[in-house]
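Engineer: The following block contains the structure, expressed as structure tokens.
The values are calculated or read from the model by the stated rules, or taken from the named source; none is laboratory data. Because the structure is predicted, anything quoted here is derived from the model rather than measured. Here Cβ is always computed from backbone atoms with ideal geometry, including for glycine, and neighbour counts include all displayed protein chains. Each accessible area value is taken on the protein alone, full model and side chains, heavy atoms only, with ligands, DNA and RNA left out. Shrake-Rupley method; radii C 1.70, N 1.55, O 1.52, S 1.80 Å.
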Amino acid sequence: MRLVFTDLDGTLLDQETYTYAQAYPALRELRRQKVPMILCSSKTRSELEYWRKRLKNRHPFIAENGGAIFIPKGYFPFSVPHTRVSADCEIIELGSPYPELLYSLQTASQESHCRVLGFHLMDADEISRHSGLPSEQAQLAKKREYDEPFLILDYERTPRLLSAIESQGKRWTRGGRFYHILGPSDKGRAVRVLAHIYRQLGEPVVTFGLGDRFNDAELLNSVDSPIIVWSKVAPILKTIVLKAKITDQAGPSGWNEAVLEALRSR
């Protein structure tokens with residue numbers, strides 16, 4: 001069994017327009033071959049449910065930089081341990097509670113004298129301006145549970161802020177536009193947990209991963225075949241993910257190229 005774990009922004013989705021039209025051939029081939037495509041993003045559960053509907057994706061997904069794994073009810077022919085059950089999903093929670101992250105971010109900001117602007121302080125219009133998201137999706141991006149994106153306003157004090165976050169016992173990462181504070185979770189840990197569950201189906205599992213930014217490093221280092229979708233930071237990211245291939249093209253064009261090549265491999 002092959003599993004494709006993929007980031008969204010800058011990989012399957014164009015970084016600026018959020019279109020994925022150039023990825024249609026690979027998406028069709030994934031469906032034809034019945035290869036699970038698992039969305040693994042810094043986006044919230046609400047955002048990923050929106051994109052799963054758009055993509056007609058019925059597989060598990062990983063939200064908020066690995067904060068939680070969401071498995072549709074009845075997806076596996078066995079009960080998944082250590083889950084919290086909602087109306088339609090079994091949820092494996094790996095991250096810290098959102099209020100705890102906000103407290104740690106505020107404390108780190110005060111200790112480092114570095115001002116930050118987190119999503120909890122922005123309305124949907126502000127998030128839309130900073131992210132390029134349409135207003136409807138910006139509303140969904142505010143529904144956070146395990147990860148807080150933020151902008152650094154005193155950029156020269158960035159190292160002091162990040163050190164203060166670590167002294168709070170929290171982790172940080174950086175995506176395409178925002179820094180993020182999170183707990184013990186990351187995309188890689190979530191990928192490993194979910195891949196282990198798939199292996200309980202009794203088939204050998206081969207994993208592919210696609211990402212384009214530093215917050216994808218753990219994802220890429222946790223799969224058998226890591227693929228960096230071209231971006232300006234791709235050469236630096238390659239020094240962190242040594243066995244990764246880099247696509248020639250950026251965004252959904254590069255994603256399409258890489259996935260079709262992966263599906264041709266046996």
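Engineer: Residues being within 20 Å of Asp9 (Cβ to Cβ) and open to solvent by 20 Å² or more (accessible area, probe 1.4 Å): count how many of those fall in the range 49-94.
Structural biologist: Qualifying residue count, the range 49-94: 7.
Engineer: Condition test on Trp255, is it in contact (Cβ under 8 Å) with a residue 24 or more places away in the chain, of a type outside the set (Ser, Thr, Tyr), open to solvent by 70 Å² or more (accessible area, probe 1.4 Å) and in contact with a strand residue (DSSP E or B) (Cβ under 7 Å, 6 or more places away or on another chain)?
Structural biologist: No; evaluated as a whole, the condition is false for this residue.
Engineer: If Ser253 meets every condition in (1) out of contact with any Gly (no Cβ under 6 Å at 6 or more places or on another chain); (2) of a type outside the set (A, V, I, L, M, F, W, C); (3) within 25 Å of Trp172 (Cβ to Cβ) apart from one, which number is that one?
Structural biologist: (3)
Engineer: Is it the case that Gln106 is surrounded by fewer than 20 Cβ atoms within 10 Å (Cβ to Cβ) and within 14 Å of Lys43 (Cβ to Cβ)?
Structural biologist: It is false that Gln106 is surrounded by fewer than 20 Cβ atoms within 10 Å (Cβ to Cβ) and within 14 Å of Lys43 (Cβ to Cβ).
Engineer: Further question: What pairs come up if the first residue lies in the range 11-28 and is within 21 Å of Leu219 (Cα to Cα), the second is surrounded by fewer than 17 Cβ atoms within 10 Å (Cβ to Cβ) and among the hydrophobic types (A, V, I, L, M, F, W, C), and their beta carbons are under 6 Å apart, counting only those six or more places apart or on different chains?
Structural biologist: Ala26/Leu260
Engineer: I'm trying to understand the selection: among the residues of the range 206-224, which are among the hydrophobic types (A, V, I, L, M, F, W, C) and surrounded by fewer than 18 Cβ atoms within 10 Å (Cβ to Cβ)?
Structural biologist: The answer is Val206, Phe214.
Engineer: Every residue in the range 192-205 that is open to solvent by less than 20 Å² (accessible area, probe 1.4 Å) and not aliphatic (A, V, I, L, M), please.
Structural biologist: Within the range 192-205, just Tyr198 meets the criteria.
Yes/no per residue for (1) out of contact with any helix residue (DSSP H, G or I) (no Cβ under 8 Å at 6 or more places or on another chain); (2) part of a loop (DSSP other than H, G, I, E, B); (3) polar (S, T, N, Q); (4) closer than 26 Å to Lys232 by Cβ:
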residue	(1), (2), (3), (4)
Glu16	yes, yes, no, yes
Arg31	yes, no, no, no
Asn57	no, yes, yes, no
Tyr75	yes, yes, no, no
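Engineer: Could you please find all residues in the range 179-191 being basic (Lys, Arg) and either open to solvent by less than 20 Å² (accessible area, probe 1.4 Å) or over 14 Å from the mean Cα position of the chain (by Cα) (or both)?
Structural biologist: Residue satisfying the conditions is Lys187 alone.
Engineer: Let me ask another. Quick check on my filter: what residues within the range 119-154 are assigned to a loop (DSSP other than H, G, I, E, B) and not aliphatic (A, V, I, L, M)?
Structural biologist: Asp123, Gly132, Pro134, Lys142, Lys143, Arg144, Glu145, Tyr146, Asp154 - these are the residues of the range 119-154 that are assigned to a loop (DSSP other than H, G, I, E, B) and not aliphatic (A, V, I, L, M).
Engineer: Which one of these does Ala138 not meet: (1) touching a residue at least 40 places away in the same chain (Cβ under 8 Å); (2) under 18 Å from the mean Cα position of the chain (by Cα)?
Structural biologist: Checking Ala138 against (1) touching a residue at least 40 places away in the same chain (Cβ under 8 Å); (2) under 18 Å from the mean Cα position of the chain (by Cα), the one that fails is (1).
Engineer: Working only within the range 133-178, note down all residues that are crowded, with 21+ Cβ neighbours inside 10 Å and over 28 Å from Arg84 (Cβ atoms).
Structural biologist: Leu161, Ala164
Engineer: Of all residues in the range 94-118 being part of a helix (DSSP H, G or I) and either at pLDDT below 95 or of a type in the set (A, V, I, L, M) (or both), which is nearest to Lys187 (Cα to Cα)?
Structural biologist: That would be Leu101.
Engineer: Can you find a residue that is in contact (Cβ under 8 Å) with a residue 60 or more places away in the chain, acidic (Asp, Glu) and farther than 17 Å from Gly66 by Cβ anywhere in the range 209-219?
Structural biologist: No, every residue in the range 209-219 fails to be in contact (Cβ under 8 Å) with a residue 60 or more places away in the chain, acidic (Asp, Glu) and farther than 17 Å from Gly66 by Cβ.
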